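What follows is a set of notes on a single structure, which appears directly below.
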Amino acid sequence: MSTYREKVESRLAGELLPGEVVREAVPAFRIGGVRKVMTVGAAGIGGLAAAAGFALATRQGRPEAPSVPIGTPSRFFLASSSRRVAVFTLGGIVKAAPGKLVHSWPLDRIAWISEPELVPGMAQALRVRIGIADEGVLGVEFPRLNVEAGRYLVKRLLRDLEELDQDGGGAT
């Protein structure tokens, strides 16, 4: 049985850079998507500008991320590697699998990552925003069953960014 990480590696076969390693891959929703699925009520994408103010990691010397949402499918895979963050469509008939690559940004384009916020209730989700330099804000919600995997992806991404900044640009 393949893990999500292995499935992303397979999808990126031939596109991985030398030494690039896929770290994590987690099914996710755009902001408000978990609640919409659970309660059939739409939640807005507010607070993009405020998210940068509560950033867990703000990277010095990086261009600003505009306060506009980056378009994503309502459900998708968020993946991180030693060199990039990527968004894939959610595919698979029986079991979820990464589909088409929608976005891919090198780690040095990440301007900030918001403090993850646990949204309580029946539609529990872990919400995080990632500022992408010169592009906008990627809003992500990890549903109840993926909250811990989402936390781990964010922590791993923060470690990779810290290493990238210490090395002056060459993450492994």
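Restricting the stretch 136-152 to residues that are open to solvent by 70 Å² or more (accessible area, probe 1.4 Å) and at pLDDT below 95 leaves a set whose member that is farthest from GLY121 (Cα to Cα) is LEU145. Name the residue that is farthest from GLU15 (Cα to Cα), counting only residues in the stretch 77-98 that are in a strand (DSSP E or B) and free of Cβ contacts under 8 Å to residues at least 40 places away in the same chain. The selected residue is GLY91.
The values are calculated or read from the model by the stated rules, or taken from the named source; none is laboratory data. Everything numeric here is computed off the predicted structure, so don't read it as measured data. Glycine also receives a Cβ, built like all others from the backbone with ideal geometry; neighbour counts cover every protein chain displayed. The area values use the complete protein model at the heavy-atom level, side chains included, leaving out ligands, DNA and RNA. Shrake-Rupley method; radii C 1.70, N 1.55, O 1.52, S 1.80 Å.
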